[in-house]
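Asks: My questions all concern the structure below.
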Amino acid sequence: MRRLFSSYHVRIETRLDNPGWAGVLSSILGVILALIVGGFVMRAAGATDPIATYKVIFKDGFGTPSDWQAGIVALITNGDCPKGSLCFGPISDTLVKASPILLTTLACILAFRMKLWNIGADGQMFFGAWAATAVAVFVLPPTTARPVMLAAMAVAGIVAGFIYGAIPGFLKARLNINEIITTLMLNYIAYKWVEYFVVVGPWSLGDFESTGRFTAAATWPRLTEYANRIPVLSGLTAHPGIFLGIAVAILLAWIINRSRWGYEIRVIGHNPKAARYAGISLVRNIILVMGLSGAIAGLAGMNEVAALRELNGRFQRGYGFTGVIIAWLARLNPIAAILVAFLFGGLLVGTQLIQPQGIASMLQGVILFVVIGTELLFRYRIAFEKVEEIVVHQIGDTQ
Amino acid sequence: MAESLNAFEMRGIVKRFPGVLANDNVNFACQVGEVHALLGENGAGKSTLMNVLAGLYRPDAGEIFISKQKVVFHSPQEAIAHGIGMVHQHFMLVPSNTVAENMVLGLNRPRFLLNLSNIEDEVTALGEQYSLSVNPRAKIWELSVGEQQRVEVLKILFRGAKVLILDEPTAVLTPQEVDVLFRTLRDMTDRGHTIVFISHKLDEVVAIADRITVLRRGKVTAADVPAEGTTKPQLAQLMVGREVLFRVNKKKAQPGSLVLQVKNLNTDNDRGLPAVQDVSLQVRAGEIVGVAGVAGNGQRELAETLTGLRTAKSGQMWLGDLLLDNHTDWLELGRQLAHIPEDRSVYGCIPDLSVAENLILKRFSRPPIAAGWSLNAKAVRQNAERLVNVYQISTPTVDTPVRMLSGGNLQKVILARETSERPQLMIAVHPTRGLDIGATEAVHKLLVEQRDAGTAILLISEDLDELLSLSDRLIVMFEGQIVGEMPAEGADIHTIGLMMAGTKVGE
């Protein structure tokens, strides 16, 4: 009994050569594909012209060339921003948005480099925000000098984040409890913790669900504070938090690529058995990396309350999850994360006024989906081959 | 049986992997009812060629014919449907399932209801027929390696294989088990089965094969040589392209001070069962102590305990005056204690990191590689360039990821890292497993040099020839215990074989 037929066969093969540009290309392709898919979803949601929508998003997120030109002219002539132009407004908003995102991204990158899936940067950020608030409002007197106050808040945020990250780290290292579950669950504890203090509990000012405005010393200086000298800065809320993020990114890049400890992290991340073989302590490093990952997220929390100038019940959730997406888009490279966080900040700012709400989250989700999908295509290759004929013998027919 | 009847024929097989031409226009055919040995060094393309025949790889060019019909296999299922089955070097069994359950895995027979007792009867009958008896209800993990191999052979017979491809089947067996296997193979050829026997061990090939085909660097260097009248040196020359030393040149050992002392060591295996039982041994500076034993008799656990990868249950270990226990800083100790791990790519290296980064694994925490909190990039590079040069590691650059290196070169990277700091003690586990003759010679030479430089070496191997030619003293392990100790010179391979199988000798 024989059957003859021809057909195409699809097979998936592992690529042994994985050039560096493939990663960059997959990130870029991922974003482009996500925008296309997002366009179709927006059409389905009733948008008549998705491309126009994207233009609006870009304009609101980054401004237009004529805005920038007007801004630069105003800067040089030391004049006001002309009526009808946004000047640096959108970029300033984007930088404000990008700074917590950059920090949570860096928190994720550090943990992900050791293949520790910390998806609790959100909770660690909340805890950092809570601790920084405690220092600003309840520990230090309002008369404290600004640099001292901000430094103390940063330390509080870092320590709180460290502890909140080290807990799942300890559970992972000692008891081998899956860190994905623990970090995810700890997020909700952190949300409720903050909610208890500012909504129902001891920190709430009456019905305001807020600690109330911090003393000026506990807030980031904003560009608008200098508007009396440089008029074009009027209304700009950009603050030095973005430099904090950039500094941490550079430090992290140095740690991972150049330091002894970074070598340990890379060895463990790539092959924990070889690390054990060499005598590198897994327990110590897992706790330390989770702790430091949490510390960076905690710093994001401090940065955010210093920018918002209060801790309230509407403290934004989700930066920790956005960090996961950007960490992958940046291919776990801290320096690349700076650029991607800025672009993502623009996306978030630009989609704020887009209806229906949730376009930003939808695009984020599609981007992550597509980036991971394209990464698969770069790791494997799909080959089509035409099959001329297949001879199928029945068992027992071979003789 | 007609002389000309071919069980299968492969014509012009070409198979490329990135950077490697694994099979270069290979022709290979077997006659029905013969044992045909496929001989070659590691990396010569033997396994690749047979994986093509067994449907695991698709060739880039070339054709396969069975009964003069051209066939194209897209999966091992299609190959087995044509009567071709392969027993791989690493068994493909589900350890927690029974023998019978493993038999039916992946078969679409029976279609709905699985009546295991029928299968069990069939397995028993098949086992008796081919003298491959195993208990069909036993779980795979309960079986010895030799028994597991029998299950693999039964599995492909059960699927109706007429051609059996055995990839390095003797690597895990005692000499006695090898004899049994060889008798079984003869039984099978008498019943009209055809055997392809992949090996790089010349003795075995001469002993079992009817005809021999030799591969070197992906090409056939000798086809269908009758085994009768062929000598080992001839085959070796065909295999490596030059004459080969079969004995290691070494002087008599000059044992010095006591370096490793183990007293009453007990260790459990991964399942929590005793693996090393009451082992006491000593290794002196400048001697090689070989540990013989069938795989799975506690050698792995012994090596892991001595190198800090496994915690001892009781007993003491001393490195010179230093007690090795839970408080030992193994990272710091890495300088004095070299370890050539059993599994190169699992423990010995970080495949995705570069040659240079792999070469600092044991010394990154000390100057000159360490410079304060950072790594001295220049020192990392110099270290790599020096070692690549001295140990003749062939790699495109020191920044190449080690996963791109061949097995022999990877082992050289590990040896370079482990030996270049003149360690006090070296634990070498299967240091030449899977290496070709050239690389094996280089590794042997290195070990003897280390010994002569005063390193105490504990050599764990399953290659008795290697143990006999390298060791100064021999220890035999069986079921976690030391069952015999003797000077390597003049040791009788038959006696050792009996000890490895648990037979008490000389009592």
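Every read-out reported here was derived from the displayed coordinates using simple, explicitly stated rules and does not represent laboratory data. Everything numeric in this text was worked out from a predicted model, so none of it was measured. Note: ideal-geometry Cβ built from the backbone for every residue, glycine included; neighbour counts use all protein chains shown.
Asks: What is the gain in length, in nm to one decimal, between A:ILE372 and A:ALA45 on full extension, counting 0.36 nm per residue of separation less the C-alpha to C-alpha distance?
Replies: Numbers: separation 327, 0.36 × 327 = 117.72 nm, distance 2.53 nm.
115.2 nm is the gain from fully extending A:ILE372 to A:ALA45.
Asks: Still on this structure: Within the set B:LYS139/B:LYS263; A:LYS172/A:LYS192; A:LYS172/B:LYS362; B:LYS201/B:LYS313, which residue pairs have Cα atoms separated by over 29 Å? Intermediate values should be presented prior to the final figure.
Replies: On the way: B:LYS139/B:LYS263 35 Å; A:LYS172/A:LYS192 24 Å; A:LYS172/B:LYS362 26 Å; B:LYS201/B:LYS313 38 Å.
From the list (B:LYS139/B:LYS263; A:LYS172/A:LYS192; A:LYS172/B:LYS362; B:LYS201/B:LYS313), the Cα-Cα distance tops 29 Å for B:LYS139/B:LYS263; B:LYS201/B:LYS313.
Asks: Please report, for the Cα atoms of segment B:6-240, the Rg to one decimal and the Dmax as a whole number; what are they, in angstrom?
Replies: Spelled out, the Cα radius of gyration and Dmax of segment B:6-240 are 17.6, 56 Å.
Asks: Taking C-beta distances below 4.7 angstrom as the pairing criterion, name the unpartnered cysteines of chain A, in sequence order.
Replies: Within chain A, the cysteines lacking a partner Cβ under 4.7 Å are A:CYS108.
Asks: Ok, one more. Any idea what the alpha-carbon Rg over 2.2 N^0.38 Å comes to for the protein assembly as shown?
Replies: Values: Rg = 33.7 Å, N = 906, 2.2 N^0.38 = 29.3 Å.
Relative to the 2.2 N^0.38 Å estimate, the protein assembly as shown comes out at 1.15.
Asks: Enumerate the amide H contacts of A:LEU311 below 5 Å, restricted to partners 5 or more residues apart or on another chain; note that Pro and chain-start residues carry no placed amide H.
Replies: Here the answer is A:THR211, A:GLY212, since their amide H atoms fall under 5 Å of that of A:LEU311.
Asks: Which value, in Å³ per residue, describes the convex hull spanned by the Cα atoms of segment B:258-302? All intermediate terms of the calculation are to be shown ahead of the outcome.
Replies: Details: hull volume 3.0 nm³, N = 45.
Per-residue hull volume (Cα only) is 68 Å³.
Asks: Say R0 is 41 Å: what FRET efficiency, to the nearest 0.05, do B:LEU323 and B:ASP465 get from their beta-carbon distance? List each step's numbers first, then the result.
Replies: On the way: r = 36 Å, r/R0 = 0.88.
Computed FRET efficiency for B:LEU323 and B:ASP465: 0.70.
Asks: Two decimals is fine: what is log10 I(q)/I(0) at q = 0.07, 0.11 Å⁻¹ for chain B, from a Debye sum with one equal scatterer on every Cα and no solvent?
Replies: Each listed q corresponds, in turn, to -0.42, -1.04.
Asks: What whole number of Å gives the distance from the Cα centroid of segment A:235-272 to the Cα centroid of segment B:256-311?
Replies: 43 Å
Asks: Would you calculate the separation in nanometres between label points at B:GLN237 and A:GLN69, each defined as 7 Å from the Cα along the Cα-to-beta-carbon direction?
Replies: Result: 8.5 nm between the two label points.
Asks: Would you pull out the residues with amide H under 5 Å of B:PHE478's amide H, same chain only if 5 or more places away, H placed 1.01 Å from N?
Replies: B:VAL483
Asks: So what does the Cα-only Debye profile of chain A read at q = 0.11, 0.13 Å⁻¹, as log10 I(q)/I(0), no solvent term?
Replies: Here log10 of I(q) over I(0) equals -0.89, -1.16.
Asks: Based on Cβ point charges of +1 for Lys and Arg and -1 for Asp and Glu, what charge dipole magnitude is obtained for chain A about its Cα centre, in debye rounded to the nearest 20? Each step should come with its number before you reach the end.
Replies: Values: 31 positive and 21 negative charges, 173 e Å.
Dipole size: approximately 840 debye.
Asks: Provide the FRET efficiency to the nearest 0.05 for the A:TRP254-A:LEU353 pair, computing r from the beta carbons and using R0 = 45 Å. Numbers along the way, then the final one.
Replies: Values: r = 39 Å, r/R0 = 0.88.
For A:TRP254 and A:LEU353, the calculated efficiency is 0.70.
Asks: Related question: In nm, what is the difference between 0.36 nm times the number of residues separating B:ASP24 and B:ASP492 and their Cα-Cα distance?
Replies: Values: separation 468, 0.36 × 468 = 168.48 nm, distance 4.21 nm.
Between B:ASP24 and B:ASP492, full extension yields 164.3 nm more.
Asks: Among A:PHE58, A:PHE162, A:PHE243, which one shows the biggest mean-square fluctuation in a GNM of chain A, springs joining Cα atoms closer than 10 Å?
Replies: Largest GNM mean-square fluctuation: A:PHE243.
Asks: I want to check the label-to-label distance for B:LYS201 and A:LEU175. Put each point 7 Å from Cα in the C-beta direction and report it in nm to one decimal.
Replies: 4.9 nm
Asks: Would you calculate a helix-derived [θ] at 222 nm for chain A, using -39,500 (n - 2.57) for each DSSP H run of n ≥ 4 and dividing by the full residue count, to the nearest 500? Write down the numbers at each step before the final one.
Replies: Details: 14 runs with 248 residues, N = 399.
Helix-only estimate at 222 nm: -21000 deg cm²/dmol.
Asks: While we're here: What does the charge dipole of segment B:6-240 about its Cα centre add up to, to the nearest 20 debye, if the Cβ of each Lys and Arg holds +1 and the Cβ of each Asp and Glu holds -1?
Replies: On the way: 24 positive and 26 negative charges, 152 e Å.
Dipole of segment B:6-240, to the nearest 20 debye: 740 debye.
Asks: If you average the C-alpha positions of segment B:15-68 and of segment B:433-466 separately, how far apart do those two centres end up, in angstrom?
Replies: So the two Cα centres are separated by 31 Å.
Asks: Apply the Karplus curve 6.51 cos²θ - 1.76 cosθ + 1.60, θ = phi - 60°, to the phi angles in segment B:303-308 and return the couplings in whole Hz, x for Gly and Pro.
Replies: Taking θ as phi minus 60°, the curve returns 4, 5, 5, 5, 10, x Hz for segment B:303-308.
Asks: Report the residue, chosen from A:PRO202, A:PRO90, A:PRO272, that carries the largest GNM mean-square fluctuation when chain A is represented by alpha-carbon nodes joined by springs under 10 Å.
Replies: Maximum among the listed residues: A:PRO202.
Asks: Considering chain A as a Gaussian network with a 10 Å cut-off on Cα pairs, which listed residue, A:VAL349, A:VAL371, A:VAL73, attains the greatest mean-square fluctuation?
Replies: With Cα springs under 10 Å in chain A, the top fluctuation among A:VAL349, A:VAL371, A:VAL73 is at A:VAL73.
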